[in-house]
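Here is the structure we will look at, set down as structure tokens.
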Amino acid sequence: MERVILDVDTGLDDAVALLLAAGLEEIQIEGIIATNGNVEVAKTLENTLNIAEVASLTCPVFKGADKPFSREPIAAGDFHGESGLDGPVFAPRMRQQVQSENGIDALIRMLNENPGQISVVSVGPLTDLALAIQKQQDILSLAKQVVIMGGSFSGGNVTSEAEFNTYGDPEAAQIVFSSKANLVLFPLDCTHQVTLSPEQLAGYGKINRECAKVFTACMKTYAEKYSNHGKGWPQLHDPQCIAYLIDPEKVTTRYERVQVVTEQGPTYGKTIASATEEKDGVHVAYGIDSAWFWTLVDRALSVLP
Ligand code: BDR
Ligand code: CA
């Protein structure tokens, strides 16, 4: 059983990551932290609670940071809609509500209580993780592994150089990437290998289950937004981190030192990889078995409510 804490900025592909984690029996979600990112934290929290409710999750949901470590917030409403999760319509929540404990404190507490036992998955800006390090320097080393979606080594998706999650909080990303924890990074170089197709969308649209309907509604909006931006069919970035927990052998990685440009200028937020023989690197994913990835989505959607 893979025990996991998820840190999300719930937009459309984050929602799929949550559904995948909820629907795969190998994963036990210990807690979810909603952070500022795709949209402001009030909205990512609302979206996270709604997905947790529809997936019948009983794990605690926490509120994370409401702004980046030091930069001004940016948002990605262009790709996820005004709410961050445009598309699905949710019934009033009966079970899920936010915990009173702050998400950063909850992360620190859970990792200290379970050293080496829990994986952390972060699929938004890395603010919460950096704030946790600021409070307790070795905290991420207490995680079994920290699996992150972010960065790019072949051009960005917000600026020509930077990917959204690292651009959203470059200072936080730099702190996390140099933390010497057991880090795994899914940059755009890998996540661009999993693209939704029109045939798949039509197929998922035929499944008469609540979560499959939410998935389909999210993916319809996501496809529309990508198309409006002239970007073709959309990539499933965040859920690849969840897939990795199930079978890391399906992902090819290289161990590299990763640094983030934190100087203001045209390369702000860019990730740079270099060779390292020290224990100061990150397992960077460069390839994933896309057909296998989709079998996990199929499996999760066939068992979720
Ligand atoms: C990342 O940016 C966000 O908009 C997505 O949810 C994903 O985490 C991809 O660059
Ligand atoms: Ca995200």
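Numbers below:
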read-out	value
Residue 70 - accessible surface, heavy atoms, 1.4 Å probe, Å² rounded to 10	80
Highest-first arrangement of 89-99, 226-236, 138-148, where packing means the average Cβ count within 10 Å	138-148, 226-236, 89-99
Nearby lysines by direct alpha-carbon distance to residue 144 (threshold 16 angstrom, same-chain neighbours under 8 apart not counted)	180, 279
Accessible solvent surface per residue of the range 2-303, calculated while the other protein chains remain in place, 1.4 angstrom probe, Å²	39
Spatial separation of Cα centroids for the range 17-48 and the range 200-257, in angstrom	15
At least 18 Å along the helix axis (C-alpha) and Kyte average at least -0.5, DSSP helices within the chain	41-54, 210-228, 290-303
Size of charge dipole - the range 177-305 - debye, nearest 20, with Cβ of Lys, Arg +1 and Asp, Glu -1, no other charges	400
Sparse-neighbourhood loop sites, trypsin sites (Lys or Arg not before Pro) in the range 153-214 - DSSP loop, at most 16 other Cβ within 10 angstrom	180, 206, 209
Heavy-atom accessible surface of the chain: percent carbon and sulfur, 1.4 Å	48
Rounded, prolate or oblate (a/c below 1.5 giving rounded, otherwise prolate when a/b exceeds b/c) for the chain by Cα gyration tensor	rounded
Solvent-accessible surface (1.4 angstrom probe) belonging to residue 251, in square angstrom, nearest 10	10
19 Å Cα-Cα threshold exceeded, pairs from 43/67; 63/213; 67/135	63/213
Virtual paramagnetic centre 7 Å along Cα→Cβ of residue 112, amide N under 19 Å, in the range 50-92	62-65
Cα-based shape type of the range 83-226, given that a ≥ b ≥ c are square roots of the gyration tensor eigenvalues and the cut on a/c is 1.5	oblate
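The values are calculated or read from the model by the stated rules, or taken from the named source; none is laboratory data. These numbers were taken from a predicted model, which means no experiment stands behind them. Cβ coordinates were reconstructed from backbone atoms using ideal geometry, including for glycine residues, and neighbour counts include every protein chain displayed. Heads up: the accessible areas ignore ligands, DNA and RNA and are worked out on the full protein's heavy atoms, side chains in. Shrake-Rupley method; radii C 1.70, N 1.55, O 1.52, S 1.80 Å.
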